[in-house]
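See below for the structure under consideration.
The values are calculated or read from the model by the stated rules, or taken from the named source; none is laboratory data. Just so we're clear, the structure is a prediction, and the values are computed from it rather than from any experiment. Glycine gets a Cβ as well: all are built from the backbone with ideal geometry, and neighbour counts include every protein chain shown. The protein model used for the area step is the full one, side chains on, heavy atoms only, and it has no ligands, DNA or RNA in it. Shrake-Rupley method; radii C 1.70, N 1.55, O 1.52, S 1.80 Å.
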Amino acid sequence: MKRMIEFELNGQQVTAEVDGGDLLLSVLRDQFDLYGVKESCGAGECGACTVIIDGRAVTSCLYPAMEAEGRSVTTIEGLAQPDGTLHPIQESFIEKGAVQCGFCTPGNVLSAKALLDKNPDPSEQEIRTAIAGNLCRCTGYHQIVEAISHAAGRKS
Amino acid sequence: MSPVNYVGKSLPRGDAREKVTGRAVYINDLKRPGMLYGKILYSQQAHARIKNIDTTKAARLPGVRAVLTGEDIPDIPLGFMRDNRPLKKGKVRSYRDEIVAVAAISPEIAAEALELVEVEYEPLPAVFTPQDALADGAPLIHELDARNKPVKSNKLKLPWRLICGDVDQARGKSAYVAQGRYRTTWVNHCCLGTSGVIAEFDLNRNLTMYSITQIPYLAQNDYLAALKAMGLKDSQVRIRCQTIGGGFGSKLDTHCYEFIAILLANATGRPVKIQFSREEEFLAQATRQPAIMEITQGCDAEGRLTFRDVHMVLDNGAYTSWGATTPSVMMVPISSLYRVPNVRFVAESVYTNNLYSQAMRGYGNPQATFAVESNIDQLAEEAGIDPVEFRLLNANQSNEITPQKFKITTCGLSECLEKVRDSLGWQQHRKAKAAGETSTGYKARGQGVASLIHVGGGARVYRSDGHGMIMKLDDFGKLKVFTGAVEIGQGVDTVLRQMAADSVGMRIEDVDIVSHDTDICPWDVGTHASRQTFIAGNAACHCGREIRRKVFELAAGQLNRDPEELDMFDSVVYVRDAPREPGQRLPPADSGDRIPLAKLLRKAHFSTGGTMVMAEVFYDPPNQMLDREFKGNLSCSWAFGTTGVEVEVDLKTGHVEILKYFAAHDVGASMNPMLLEGQVYGAAVMGSGYALSEEVRLREGRMVNGNFLDYKMLTALDKVPVTPIIVETFDSAGPYGAKGVGEPGCVPSAPAIANAIYDAIGVRLDSLPMTPENVLAALKERFPDS
């Protein structure tokens, strides 16, 4: 059954008509053209579709769209400033070589943001735990960890 | 040559900004007006006759625009041995076989339509191991060959036999001999971006493929052949590659789903997209080739290798891809890793009813090196020589020719071995081990090393190893570099930009790479064999020199000098010997001894009898195809490396933890240390997953773990503490001295880890992956009473 829901998306109040079975991933991609939300496994196992909901990193491919009602959702498109200024985590990913094919990058960046918003000075183990659900086939994770650590203000 | 300003620096990738903002458009994100969605029904049997396919209900479903079976399409032979078809007709040979395809107005309707298809099978006896496939009376997977002649056996008519010297004689004269039997299994590329394509015909019946191929120009040829079979003999094909979500060799063939999209687009007159799910990616995308490898090596009393004898049986699966030719690269380490005068390598590939295999990073080299380097440790132990010393004694050297006739111009193998040995603390570990200090309670530590040789200067797999490049200076003094190289995440665009900027003498901000479009960019044989930095890089150097020459000719008139007196830096042409301020590379701006490129180009365009500045080059390296005996200098420079690891094995759980991982690579010269290290980190972790956890599990041909929960890719928590060690040997054949490095990192991981496990617990793991279960089983077999 379709229903209108209202939620905050990248800082703006939006409404969407969703079905009980609709997943947040497809609503974000199909209704809001937010193609930075990537689908790779469709089963919550790879983290490519990660978004931040009320401060928590969530795999949007498993998240019922209706659950977003009244919540605050951030996708990768919501990180940079409108003038194009990148978020420090995005800058770090670029500077530290944490990007190769890039398909996992939005998810990794958002998992990093959810971590750093709560814990501005994480240990390497805490960083690795935060992105444990974000699979990457290209980088071997090293430069991603380095980038997140760098963004947290530590020199690595 | 202009001064080096960007080459060798850790510049960030040109496409990184688009990727960190989610703006990069992958095939997964692309839609075309009027587009339909194609979906494929796969076989429910490993081996069966197709008695009947009833598609009437599917075709009647509202929203369905086309339903195709093997009976509805022309004959389009695919695969290296032309043994595959887009949709199978008559019988299926594996669970991945495509039998029905639909196009519908939504993916959901297409999926629903497939559920309405009724297929009647008559099961046939099936074979799931090469041994069973070769047994007398085994059912034939293919009854006919590509020429429709009856076949007698499941053995591929693709014999691999490399003979150098006299192995039997050498064996008789060897002081020590060691023998081993090794196995590797299926692994998936696990590109995070799943496969997809959009096929679109225009009204002139020309085809555009929105694609993710690593071989756009060879794919063009394959698609043209299909169009011809479809009666479209005058049609043209344009390939437009999208941002590619990982390659690793998975896109070196044209695949069935791409042809299905073409057939559906042709049947409906609409663009058709096929986008794989993850499950489909595991099921239908071909894997790395599994191998059963028997190896014997010998050495003399001093430890010098005398011979290497390798016999392999490869499970090809039900169809051939280009991956059927992986033995040609397996030969590389078998004949030429370390100095070994007598070599014999015989391999046979066998059809089975399993998933079929294809190219994957290293192209057979990781499998072969697992056998060679595990067995080297066995032989060193037999001879009573330290494994690193044994390798150093036998290490390849610069300026030697190997038994397979590879010309090793530069070789940093000894340096790699020494640096890894010292970084590991090899001697200290030996002493600690002798003192019984490396195992405590249920934990045992061990160290192991393994080396690699791989093509580093292209690979003449086809008759050409060529690369076309065009450079164009525009009206604003910006350089556009048109290349056939495909950016698959490895960073070729960035490295080419650095080389192009330096070879011309421009600011890197003024240089852009234009690629991924066969209508615009010149021909290239493909993004494979770790070749683009070397091949496209050489093209950039040659093309850049030509641009400089033309620019200096133009500028000579403006500056009233001879072209030979001019130089260029930071996109400014200047008189080389002109007076300048101390510390300044360029003469003062008002001196009349310099002219900005932009101004020069505008003058060139806006003048009577004007001109433009463009250059083109077709760079084809001086390497050789293997001859009938599989000999010849396949690559014009050779990459070497050594991986050394320290592991801790938990004897209770069988878990192997990597405590240290040093990856030394002779890369010729480092073009971009950050990107280079990215290749090394990524390959080391991919290689470690191959060693420890990854396996596509097949039960009677049926995949049982087609998801990321059950298929164990390493995660960020499975930390592999990789330390890259970059060794530079400055190969004169390479651009700025560089060799290729994309594949090598994953080659020696598994044997280095296996050797370290042996050092730790005295048990040799001879099968991949070395999971905790397999480690425990091997321990139990070796020490049944403990």
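With R₀ set to 25 Å, the beta-carbon distance separating residue B:346 from residue B:129 gives a calculated FRET efficiency near 0.85. 3J(HN,Hα) couplings calculated from phi for the range B:508-513 with the Karplus curve 6.51 cos²θ - 1.76 cosθ + 1.60 (θ = phi - 60°) are, in sequence order, 5, 5, 8, 10, 10, 9 Hz; Gly and Pro show x.
Shown in residue order for the range B:539-556 are the 3J(HN,Hα) couplings computed by the Karplus curve 6.51 cos²θ - 1.76 cosθ + 1.60 at θ = phi - 60°: 4, 5, 5, 5, 5, x, 4, 5, 4, 4, 4, 5, 5, 5, 4, 5, 6, 4 Hz (x for Gly and Pro).
A straight chain from residue B:10 to residue B:655 at 0.36 nm per residue would run longer than the Cα-Cα distance by 228.5 nm.
Semi-axes of the equivalent ellipsoid for the protein assembly as shown, computed as √(5λ) from the eigenvalues of its C-alpha gyration tensor and ordered from largest down, come to 40, 38, 31 Å. The range B:548-608 and the range B:123-152 have Cα centres lying 70 Å from one another.
At what distance in angstrom do the alpha carbon centres of the range B:644-723 and the range B:486-529 lie from each other? What the calculation gives is 29 Å, centre to centre. Report summary: the helix-based calculation at 222 nm, which adds -39500 (n - 2.57) for every DSSP H run with n ≥ 4 and divides by the residues of chain B, gives -8500 deg cm²/dmol. Taken along the Cα-to-beta-carbon direction at a fixed 7 Å, the label points for residue A:124 and residue B:786 span 3.1 nm. Accessible surface of the range A:3-78, 1.4 Å probe: 42 percent of it comes from carbon and sulfur atoms. Peptide packing for B:406-415, B:114-123 was compared via the average number of neighbouring C-beta atoms within 10 Å per residue; ordered from the highest value, the list is B:406-415, B:114-123. A simple spin-label model places the labels of residue B:514 and residue B:463 3.0 nm from each other, with each point 7 Å out along Cα-to-Cβ.
Taking 0.36 nm per residue of sequence separation and removing the Cα-Cα distance, the residue B:606/residue B:31 pair yields an extension gain of 202.9 nm. Across the cross-link table entries B:89/B:228; B:152/B:228; B:19/B:480; B:57/B:251; B:251/B:405; B:39/B:149, which are compared at the Cα atoms, the separations over 27 Å belong to B:152/B:228; B:57/B:251; B:251/B:405; B:39/B:149.
Per-atom-type breakdown for the range A:88-151 gives carbon and sulfur 51% of the accessible area (1.4 Å probe, protein chains only). Each part reduced to its alpha carbon centroid, the range B:462-484 and the range B:359-395 end up 41 Å apart.
Given their separation in residues at 0.36 nm each and the Cα-Cα distance between them, residue B:437 and residue B:122 gain 107.2 nm when the chain is fully extended.
Extents of the range A:3-78, largest first, come to 28, 25, 21 Å (Cα atoms, principal axes, whole angstrom).
With all projection directions averaged, the alpha carbon convex hull of the range B:423-473 covers 8.6 nm². Summing both sides, the accessible surface hidden between A and B at a 1.4 Å probe radius is close to 3700 Å².
Scanning chain A for DSSP H helices at least 15 Å long along the axis (C-alpha atoms) with a Kyte-Doolittle mean no lower than -1.0 picks out A:105-118. Shielding of peptide B:669-682 by partners, expressed as the average count of other chain Cβ atoms within 10 Å per residue Cβ, is 4. Once the Cβ-Cβ distance of residue B:144 and residue B:580 is raised to the sixth power relative to R0 = 60 Å, the FRET efficiency obtained is 0.20.
Alpha-carbon geometry of chain B: the Rg and the Dmax are 27.9, 94 Å, given in that order.
In loop segments of the range B:412-497 as defined by DSSP, the chymotrypsin sites (Phe, Trp or Tyr not before Pro) with at most 15 further C-beta atoms inside 10 Å of their C-beta are B:442, B:462, B:476.
What does the charge add up to near residue B:360, with Lys and Arg as +1, Asp and Glu as -1, over the other residues with Cβ less than 12 Å from its Cβ? Local net charge: +1. Taking all protein chains into account, the per residue accessible area for the range A:88-151 stands at 27 Å² (1.4 Å probe). Modelled spin labels at residue B:115 and residue B:301, positioned 7 Å past Cα toward Cβ, are 7.7 nm from each other. Per residue, the accessible area of the range A:3-78 comes to 41 Å², computed with a 1.4 Å probe over protein heavy atoms only. Just to verify a number: FRET efficiency for residue B:730 and residue B:401, C-beta to C-beta distance, R0 = 25 Å, to 0.05? Between residue B:730 and residue B:401 the formula returns 0.80.
Hydrodynamic analysis of the range A:88-151 uses the Kirkwood radius over alpha carbon pairs. Inserted into Stokes-Einstein at 4 °C and 1.567 mPa s, it gives a translational diffusion coefficient of 116 µm²/s.
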